[in-house]
Amino acid sequence: MADQLSQNDDPVDIYEQIQEHEDKDRQKAAVALDQTVKAIGHVVMWANLLLVAAIVAQVSMRYALNQNYPKLDEIQWHFYGLVTMIGISYALVTDSHVRVDLLHMQLSRRAQRIIEVLGILTLLVPFLYLMVDQGYDYFYESWRVNERSDSPTGLPARWALKSVIPISFILLALAALARLVHDIHALAANLEEERRGRGLRMIAWALIGFGVVAFALTFLVETTEEKLVIAMFLTFIALLFTGFPVAWTLAGVGVAYCGLAYLFDNGMMNWTGLEETLTGLDYLTLGAVVNRVYATMSNAVLVALPMFIFMGLMLDESGVAERLMTSMQRLFGTVRGGLAITVTLIGIILAASTGIIGASVVLLGVLSLPSMMEQKYNPSLAAGVVSASGTLGILIPPSIMLVIMADQMALSVGDLFMAAVFPGVIIGGLYLTYIFIVAQIKKDVAPVPEGAKAPDWDAVKDVLIAVLPTLALILAVLGSIFAGLTTPTEASGVGALGATLLALGYRKLTLRKLINVLKSTFNTTAYIFAIFLGATVFSYVLRELGGDALIEDMIHGTGLGPNGTVIVILAIVFLLGFVLDWIEITLIVLPLMRPIINALGLDIPGFGAIDEPALVWFVILVAVTLQTSFLTPPVGFALFYLKGVCPPEIKLTDIYKGIIPFVLLQLTGLALVFLWPALATWLPSVAY
């Protein structure tokens, strides 16, 4: 650079040229980091296909040779661990992590960059340092003793999987560094278009408001630990509204409050007037979460997550929904509200074959909303039908939420799948009944399309041709679980293969679509797993501070009896659903409820076949309650998904009005399951 400058150049100009050259170098380095992380992700994402092959091979060999192969089991969770851990850095460079966009999307791009820079430096970096440092020690100890499988016929060199922990967090650090460089460069450039939008004042006032509430609530408890628990939870909720990714907000808050507890333990916070604590939290004890991370990435139950996600996304690509929409519209063409009924029925079918809410809502919206507007449907009804029908997949099995709940509550995935069937079908039936009645009473909200023809046998035949392959896939997945032929994890692999064959049979599968499905599976699994990581740190610190005991005492302190206590818990979950996503509630709040429910002595019928019928019933109640969280503003994700594909004539107010009756219908379904627990416990009891 110096050789290119003449001696007559102004020193100021020379300095600016050097700075510009250095900025370009930094930008090139950041782009190179981005491309490196993406390239690694594009290679690793193909491990999902190897995971499908390993699961199908395990099932096939067990029935063909009547033998189990522990090596194949371990290969499966090795692939799962690799995909999830490497995926978190890929999700960061592609900006795929879950965030609360309510205030964030109103900010200028410059304000968003400032939040990201501050968030990375204060929340993500301490967590990364912890995981790289402690993760390396965890791997090194395994390598030093040449750790192998617990099974004599399992895989050798278990340290190889444990090496993924420090490697993946180093990759995440590189991805974070790339984003930092991009953001700082853009902030230094101070471009006019990046200043359009609101500034940080709105976020600052929101944080101040949460701070005042937290300060006021600390007076309701006595001990320092309890005050820290309340402050920790409210800090997390407040920081969510900055729009920084949920996973790293959880992790960063957990690390920060571990440090704060350490200061209180060692008498360094006496100036606050609060008592010293005895939490025992410090850097080394927090390092124990590395073992929990390994347990999560080698969890045989959670292997089903990417497989059910792959299955749902592949079904979306197969054109099943389009065929169903076309054929069912002919069948219900002369029924008032027929298109809305069609959308709900397709939502039920998709729910039984995929648990991907975003994909279902977007697909149903794209396929049906333009037609509904053309047929002069009421915008609120149209929006409500699509968003509510799309959320059925989180409850009706195979549901990824139920998989995670089973893991967190130490229950059988199969039991929860079967327990959710009747509640899911009941809520779907309530939707259909409501649409039919409203269409008959208010004839202008869902009119019959002009020129509609009565259905004939050809229409019935088209529906059967469209429905039967999908029903066969659902039967293969759920039927094999219910009949005890496969575990839910094995069924997920069979379902992923079946969805792929269905796409091939419909001649919809191309290499480009396969790559899109793999990318989406990779991203979706990664951001869910990232929240697992953050929640692991957060919940560990929360428990060490005595958060579980505080919550248990508060709930038992209501003195409302067993049923009243359950109602209080469900009310808390319902209200939390307004500001938190189902994943955070499932990972943080739900496990705290297990000892409370066990202590209530609920007399729930298990019909002599279910070990913990009260827990199964309770989890299904929570699952139904959490379904409402997709529809309740301000953080109802189904509303955001729908808004992104809505025709311009459907306003945000129409969406909010439209979901109100469907939330009430969901709560009606919740009340039915609460009053008649056998709706949740009878089917699991007769399945085995």
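Does GLY384 satisfy the criteria of being over 22 Å from THR525 (Cβ atoms) and within 26 Å of the chain's Cα centre (by Cα)? Considered against the rule, which asks whether it is over 22 Å from THR525 (Cβ atoms) and within 26 Å of the chain's Cα centre (by Cα), GLY384 comes out as yes. Selection over the stretch 255-283 of residues that are under 24 Å from ALA535 (Cβ atoms), loosely packed, with under 14 Cβ neighbours inside 10 Å and β-branched (Val, Ile, Thr) gives a count of 0. Restricting to the stretch 104-130, and then to whatever is closer than 14 Å to ALA206 by Cβ and buried (at least 17 other Cβ atoms within 10 Å of the Cβ), can you tell me which residue is nearest to the chain's Cα centre (by Cα)? This residue is HIS104. Mind listing whichever residues of the stretch 362-414 are modelled with pLDDT under 85, surrounded by fewer than 24 Cβ atoms within 10 Å (Cβ to Cβ) and closer than 19 Å to PHE308 by Cα? VAL362, the sole residue that qualifies.
As for the stretch 489-511, it holds at least one residue that is assigned to a loop (DSSP other than H, G, I, E, B), of a type in the set (D, E, K, R) and over 23 Å from ILE404 (Cβ atoms).
If you go through the stretch 485-504 and keep only what is over 20 Å from ILE346 (Cα atoms) and either among the aliphatic types (A, V, I, L, M) or out of contact with any Phe, Trp or Tyr (no Cβ under 6 Å at 6 or more places or on another chain) (or both), you end up with LEU485, THR486, THR487, PRO488, THR489, GLU490, ALA491, GLY493, VAL494, LEU497, LEU501, LEU504.
Among the residues here, GLU649 does not qualify as charged (D, E, K, R), under 24 Å from ALA410 (Cβ atoms) and modelled with pLDDT under 95.
For (1) of a type in the set (Asp, Glu); (2) under 20 Å from LEU392 (Cα atoms); (3) out of contact with any Phe, Trp or Tyr (no Cβ under 7 Å at 6 or more places or on another chain), each residue gets a yes or a no:
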| site | (1), (2), (3) |
| --- | --- |
| ALA251 | no, no, no |
| ASP265 | yes, no, yes |
| THR279 | no, no, yes |
| LEU284 | no, no, yes |
| GLY287 | no, no, yes |
| LEU313 | no, yes, yes |
| VAL320 | no, yes, yes |
| GLY337 | no, yes, no |
| THR344 | no, yes, no |
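I'm trying to understand the selection: among the residues of the stretch 234-272, which are of a type in the set (Phe, Trp, Tyr) and either in contact with a Pro (Cβ under 7 Å, 6 or more places away or on another chain) or modelled with pLDDT of 90 or more (or both)? Within the stretch 234-272, PHE236, PHE244, TRP248, TYR257, TYR262, PHE264 qualify. The condition (being closer than 18 Å to GLU612 by Cα, touching a residue at least 60 places away in the same chain (Cβ under 8 Å) and over 18 Å from the mean Cα position of the chain (by Cα)) is satisfied by just one residue among ASP415, ASP407: ASP415. In the stretch 178-229, the residue that is surrounded by the most Cβ atoms within 10 Å (Cβ to Cβ) out of those that are without any contact (Cβ under 8 Å) to a residue 40 or more places away in the chain and β-branched (Val, Ile, Thr) is THR218. Please work out if VAL579 is out of contact with any His (no Cβ under 6 Å at 6 or more places or on another chain), aliphatic (A, V, I, L, M), farther than 27 Å from VAL686 by Cβ and modelled with pLDDT under 85. In short, yes.
Residue-level check: of (1) out of contact with any Phe, Trp or Tyr (no Cβ under 6 Å at 6 or more places or on another chain); (2) in contact (Cβ under 8 Å) with a residue 60 or more places away in the chain, MET45 misses just (1). Checking the stretch 24-37 against the condition returns a match, with at least one residue being under 21 Å from ASP95 (Cα atoms), in contact with a Ser or Thr (Cβ under 7 Å, 6 or more places away or on another chain) and modelled with pLDDT of 60 or more. A single member of ILE655, ILE604, ILE620, ILE659 is more than 30 Å from TYR377 (Cα to Cα) and buried (at least 23 other Cβ atoms within 10 Å of the Cβ), and it is ILE620.
The values are calculated or read from the model by the stated rules, or taken from the named source; none is laboratory data. These numbers come from a predicted model, not from an experiment. With ideal geometry, Cβ positions are generated from the backbone for all residues, glycine too; neighbour counts draw on all protein chains shown.
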